[in-house]
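To start, the structure itself, in structure tokens.
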Amino acid sequence: MKKIAILGSTGSIGTQTLEIVRKEPDLQVVAMAAGANTELMEKQVREFRPRLVAMWTEEAAKDLRVRLGDFPVQVAYGMDGLVDVAACEESDVLVTAIVGMIGIRPTIAAIEQGKTIALANKETLVTAGHIIMPLAAKMGVQILPVDSEHSAIFQSMHGENKERVNKILLTASGGPFRGKTREQLASMTVEDALKHPNWSMGKKVTIDSASLVNKGLEVMEAKWLFDVDLDRIQVVVHPQSIIHSAVEYVDGGIMAQLGVPDMKLPIQYALFYPDRRPMDTGRVDFFRLKQLTFEEPDTDTFRGLELAYRAARRGGSLPTVFNAANEKAVALFLQKKITFLQIPELIESSMEAHKVIDNPTLEQVLEAEAAAYEYIKQKFGE
């Protein structure tokens, strides 16, 4: 029996993780955390019977306690609650499916307790990779990627000599706005941006995909996960999303992982690694597919990717500012207070206003995040 804890159980990755648990009798959920969706959390607790759950706010935790008054479960809240779930003594694996930098401290706590990390929280490595990866190595903890692209890279490296990697080919669907001009992007609405052609994701990640910021975050994450230079990470737009990413070796050979767009595949792979389990999911039919196409990313139109490379090359605290500014910009866009093209503009101005700290501590990372939030608040009153 493998026991798991989940941060973000009510979100897209969290609910798909629970779909896998339903079908696998040797998986057991022992702890869960979520934001504010107490109605769904109540249903999850009653079904999966964890001993510990946490909500982000005290108000949500109080509501959940009332809902579960007849049920034997401990309900915590806030950062302390997230850390308690992450470090739960009974768990073997932590699925970090929570969105944002609030995932950093719980991930550190889980690593310090020797838990295997099934990582779906990009921000943890984007902003604190210089802290997380050395700690994981010190504690002998495996970090197994759950992102479709990073899982594909991980699988393509399995059994290979990592010293012989020449280049990582990080694929991107191009999002709902692929092929559009800046003039066309100026009039794109929130509803337009949320119509992803291939993947079903949360709103924030879907907007990030439309701006290519998501791919920029994945570039930074890949740098830390696979210990490769930025110059050896090439983004390739692949509209069909069948090749989830690939690795080119020094002899010119390329290993790739292919499959239908379904996040349950990389989730399940991380939960059972190095084993593979049957999945009742779609299969690639090459005769119906007929062709796979590839394009260079348009970084002049979609500046989020170029800004991500700029932040990653400078390093230090600048990736934190990139990430934090994007979080606030996306929130403003979803509230229809800024246009789609203002997202990269806001990221760039935040980066330019920041004085970079070269090797930030965790406290300095969090301070850089807060400073970026304050900068945007002063500009927009938000």
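The values are calculated or read from the model by the stated rules, or taken from the named source; none is laboratory data. All values reported here derive from a predicted model rather than from experimental measurement. Note that we place each Cβ from the backbone using ideal geometry, even for glycine, and neighbour counts take in every protein chain shown.
Details
- Residue match in segment 336-343 (condition: closer than 27 Å to residue 146 by Cβ and either touching a residue at least 40 places away in the same chain (Cβ under 8 Å) or not aromatic (Phe, Trp, Tyr) (or both)): yes
- Residue in segment 294-315 that is of a type in the set (Gly, Ala, Ser), part of a loop (DSSP other than H, G, I, E, B) and under 23 Å from the mean Cα position of the chain (by Cα) present: yes
- Top-ranked residue of segment 134-168 - restricted to ones that are among the polar types (S, T, N, Q) and more than 27 Å from residue 209 (Cα to Cα), ranked as surrounded by the most Cβ atoms within 10 Å (Cβ to Cβ): 142
- Flag for residue 346 being under 21 Å from the mean Cα position of the chain (by Cα) and touching a residue at least 12 places away in the same chain (Cβ under 8 Å): no
- Out of 90, 42, 47, sole residue that is within 13 Å of residue 5 (Cβ to Cβ), acidic (Asp, Glu) and at pLDDT 95 or above: 90
- Among the criteria (1) within 26 Å of residue 196 (Cβ to Cβ); (2) assigned to a strand (DSSP E or B); (3) of a type in the set (A, V, I, L, M), the one residue 255 does not fulfil is (1).
- Per the listing 293, 320, 361, the residue uniquely closer than 24 Å to residue 235 by Cβ and surrounded by fewer than 23 Cβ atoms within 10 Å (Cβ to Cβ) is 293.
- Residue satisfying all of: in segment 358-369; among the charged types (D, E, K, R) and part of a helix (DSSP H, G or I); nearest to residue 127 (Cα to Cα) among these: 369
- Members of segment 37-46 found to be in contact (Cβ under 8 Å) with a residue 24 or more places away in the chain and within 14 Å of residue 14 (Cα to Cα), listed by number: 37, 40, 41, 44, 45
- Pairs, first in a helix (DSSP H, G or I) in segment 207-235, second hydroxyl-bearing (Ser, Thr, Tyr) and modelled with pLDDT under 95, C-beta under 8 Å, six or more apart: 209/173; 215/209
- Hits in segment 108-129 (condition: in contact (Cβ under 8 Å) with a residue 60 or more places away in the chain, among the β-branched types (Val, Ile, Thr) and buried (at least 22 other Cβ atoms within 10 Å of the Cβ)): 126, 127
- The set of residues from segment 109-123 being at pLDDT below 95 and among the hydroxyl-bearing types (Ser, Thr, Tyr) is empty.
- Subset of segment 190-206 (residues that are over 23 Å from residue 282 (Cβ atoms) and in contact (Cβ under 8 Å) with a residue 12 or more places away in the chain): 190, 192, 193, 203, 204
- Taken as a whole, the structure leaves residue 90 outside the set of residues that are under 22 Å from residue 255 (Cα atoms), touching a residue at least 60 places away in the same chain (Cβ under 8 Å) and assigned to a loop (DSSP other than H, G, I, E, B).
- Set side by side, the residues 329, 372 differ, and just one is within 19 Å of the chain's Cα centre (by Cα), crowded, with 16+ Cβ neighbours inside 10 Å and in a helix (DSSP H, G or I), which is 329.
- Across segment 5-26, the number of residues qualifying as more than 16 Å from residue 266 (Cα to Cα) and surrounded by fewer than 21 Cβ atoms within 10 Å (Cβ to Cβ) comes to 3.
- Residue 102 being surrounded by 17 or more Cβ atoms within 10 Å (Cβ to Cβ), modelled with pLDDT of 95 or more and of a type in the set (A, V, I, L, M): no
- Within segment 232-286, considering residues that are of a type in the set (Asp, Glu) and more than 21 Å from the chain's Cα centre (by Cα), the one surrounded by the fewest Cβ atoms within 10 Å (Cβ to Cβ): 280
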